[in-house]
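In what follows, a single structure is set out as structure tokens and then discussed.
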Amino acid sequence: MSENKTVEREEKALPRVSPATDIVEREDGFHVFMDIPGVRREDLKIDIHENELTVSGRALPHGGEKENYLEVQFGPGEYVRAVSLSDRVDRENIAANLKDGVLTIRLPRLEKAAPRRI
């Protein structure tokens, strides 16, 4: 495939999908699991703006032009999902991991402030 066709292919608008997401509250904080098959680490963005965490990523077409797909259920697309953050989330220690098409985000709880006597 020529370089021009590659650029042309990537610039086309991809279908936008909200990924399947599980949010679990555990003793140490909140855990978010998102299915984002085909998204590479370099095509993934995780942003925090005020009380919202936004995940976006692009899964680009795989295979060659000459392949004849009979069915495509997780083809190219743009994944976008926003999650509201609690005031109890420690924004400085959020961690993320992408493995086997599943994004895991750990949102630790803020340590409780010790009572203060004035």
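Cβ-Cβ contacts under 8 Å between residues 6 or more apart (or on different chains), taken from a first residue in region 81-97 that is free of Cβ contacts under 8 Å to residues at least 24 places away in the same chain to a second residue that is assigned to a helix (DSSP H, G or I) and of a type in the set (D, E, K, R), are absent. When every residue of region 64-72 is checked against the conditions, none turns out to be among the aromatic types (Phe, Trp, Tyr) and assigned to a strand (DSSP E or B). So is Leu110 without any contact (Cβ under 8 Å) to a residue 60 or more places away in the chain and surrounded by 11 or more Cβ atoms within 10 Å (Cβ to Cβ) or not? Yes: the conditions hold for Leu110.
Note on region 7-28: residues that are among the polar types (S, T, N, Q) and at pLDDT below 90 total 0. Against the conditions (1) at pLDDT 95 or above; (2) closer than 17 Å to Thr104 by Cβ, Glu52 satisfies every one except (2).
Every residue, every condition in (1) of a type outside the set (Asp, Glu); (2) closer than 17 Å to Val72 by Cα; (3) more than 10 Å from the chain's Cα centre (by Cα), yes or no:
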position: Val24; (1), (2), (3): yes, no, yes
position: Glu27; (1), (2), (3): no, no, yes
position: Val32; (1), (2), (3): yes, no, no
position: Arg40; (1), (2), (3): yes, no, yes
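Does Val83 meet the test of being loosely packed, with under 15 Cβ neighbours inside 10 Å, of a type in the set (A, V, I, L, M, F, W, C) and under 25 Å from Arg106 (Cα atoms)?
no
Condition first: modelled with pLDDT of 95 or more, under 29 Å from Lys112 (Cβ atoms) and either in a helix (DSSP H, G or I) or open to solvent by 80 Å² or more (accessible area, probe 1.4 Å) (or both). Can you find one or more residues in region 30-46 that meet it? Among the residues of region 30-46, not one is modelled with pLDDT of 95 or more, under 29 Å from Lys112 (Cβ atoms) and either in a helix (DSSP H, G or I) or open to solvent by 80 Å² or more (accessible area, probe 1.4 Å) (or both), which makes the answer no.
The values are calculated or read from the model by the stated rules, or taken from the named source; none is laboratory data. For clarity, every value in this text was computed on a predicted model and none was experimentally measured. Positions of Cβ are backbone-derived with ideal geometry, glycine not excepted, and every protein chain shown enters the neighbour counts. To get the accessible areas, we keep the full protein, side chains included, count just its heavy atoms, and leave off ligands, DNA and RNA. Shrake-Rupley method; radii C 1.70, N 1.55, O 1.52, S 1.80 Å.
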